[in-house]
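A.B. asks: A single structure is presented below for examination.
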Amino acid sequence: MQRVNISRRDFIKICIKTTALMGLPYGMYTKVAEAAEKVVKPPVVWLHFQECTGCSESLLRSNHPGLSEFILDLVSLEYHETLMAGSGTQAEKSLQNAVTEYKDSYILVIEGAIPTKENGVYCQIGGKTALELLDEMAKNAVGIISIGTCASYGGIQAVEPNPTGAVGVWDIIKDKSIINIPGCPPNPYNFLSVILYYLTFNKFPKLDKSNRPLFAYGRKIHEHCERRPHFDAGRFAEKYGDEGHKNGYCLYKLGCKGPSTFANCSVLRFNDVGVWPVSVGHPCIGCTEHSILFKKSIDEKVQIHNPTPPDTYPTTKPIERGKGADTITAAVVGTVAGAALGAGAVLAKKLPKEDDCEKEN
Ligand code: SF4
């Protein structure tokens, strides 16, 4: 950790936060820390197909203190086209070396969709199609992590009429453990937690029916949204820029997909500065749901079949303009920050336990 400039305090903070995120008891953070300190690191081969590299960018450009360094130090990254210095035949050789050296032990990470039409000719790397590369690399992998919505479900490439026949990894590979971490982009902590879970328990976490880790995708974002008190009180923004919008009211009528979207964005948020789309006034687009993203328009309202209980039962008194949303946002941000500083139990309360999640999914 010293080598990558992460203090012991930051290291423990990250371990506590990921322990809470994984739905494990607070005391387990010592086991997670022990696993993170292991000298033997799992080899990782990371392939890019049809995508924008936003998932890698989100992970690497995070503001989390040392998070990207932490992740990159946890694994032995054998091949990653964006990060590796080599190119051309040198890069292809390192990919082949990784397969030979770490046969049946490397984790394969896929970023991007796989085009299947015309035998996959629409995406080729080093003369091989994405289809061929996936097939070849999946054979000897211990498991596959599909990072981002494109690798998980096809993403924007798979939108009708889907000219390249783009699909997600799980549509092609049927005989391997596949962990989908959808999101556009996914939160780096969700990727980190899957790796730490694997290091701690030597197996991958429990998944829901969409192959997503239950600990991260077990609850709807609507449950812990800071605008939820307004939803419960019937206060909605009707148009962008109207009084309701300016006052931080619920975005449901603008098409927010939060009531149908399983993800932990409203608790975890992004970049440790407490923001996520809904906090800055944009409705959730349901980027973790393959039945929503790019299938329902931004302003289309989702049906609310089973209202989930809110995180709190707040006052229904009208809020003063400019104060309410800020106060609520600050409270939630404070909660996350508090968790990171040692009150892991607080975050754990808002995040699902593995067993809770199975009931909902
Ligand atoms: Fe938040 Fe959207 Fe639910 Fe409103 S509908 S409370 S903005 S998640």
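A.B. asks: For the ranges 106-112, 90-96, 32-38, what's the packing order if you count other beta-carbon atoms within 10 Å of each residue, average per peptide, and put the highest first? Walk me through the intermediate numbers first.
C.D. replies: Details: 106-112: 26.3, 90-96: 14.3, 32-38: 16.7.
Highest mean packing first, the order is 106-112, 32-38, 90-96.
A.B. asks: Further question: With the cut-off at 1.5 for a/c, could you classify the stretch 112-256 from its C-alpha gyration tensor as rounded, prolate or oblate? Before the final figure, lay out each step's value.
C.D. replies: Numbers: a/c = 3.41, a/b = 1.64, b/c = 2.08.
Oblate shape, in that a/c is at least 1.5 and b/c is the bigger or equal ratio.
A.B. asks: What's the extension gain from Asp171 to Glu57 if we count 0.36 nm per residue and subtract their Cα-Cα distance? Intermediate results must be reported in sequence, preceding the final value.
C.D. replies: Working: separation 114, 0.36 × 114 = 41.04 nm, distance 2.53 nm.
38.5 nm is the gain from fully extending Asp171 to Glu57.
A.B. asks: When the dipole is taken about the Cα centre of the stretch 1-132, and only Lys, Arg (+1) and Asp, Glu (-1) are charged at their Cβ, what size is it in debye, to the nearest 20?
C.D. replies: On the way: 13 positive and 15 negative charges, 106 e Å.
Rounded to the nearest 20 debye, it is 520 debye.
A.B. asks: Please sort by residue number the GluC sites (Glu not before Pro) in the stretch 204-279 whose DSSP state is loop and whose Cβ has at most 16 other Cβ atoms within 10 Å. Before the final figure, lay out the partial values.
C.D. replies: Details: sites: Glu223, Glu226, Glu238, Glu243; in loops: Glu226, Glu238.
Within the stretch 204-279, the qualifying GluC sites (Glu not before Pro) (loop, at most 16 other Cβ atoms within 10 Å) are Glu238.
A.B. asks: Right, another one. Just round it to a whole percent: the fraction of Cα-Cα distances in the stretch 8-217 exceeding 28 Å.
C.D. replies: Percent of Cα pairs beyond 28 Å in the stretch 8-217: 24.
A.B. asks: From Cα pairs below 8 angstrom and at least 6 apart in sequence, can you work out the relative contact order of the stretch 1-140, rounded to a whole percent?
C.D. replies: Numbers: 148 pairs, mean separation 38.1, N = 140.
RCO, the stretch 1-140: 27 percent.
A.B. asks: At what distance in angstrom do the alpha carbon centres of the stretch 96-145 and the stretch 223-250 lie from each other?
C.D. replies: 45
Here, each number is a calculation from the coordinates, and none is a lab measurement. In this text, all values refer to a predicted model and were calculated from it rather than measured experimentally. Methodologically, a virtual Cβ is constructed for each residue, glycine included, from the backbone with ideal geometry; neighbour enumeration extends over all protein chains shown.
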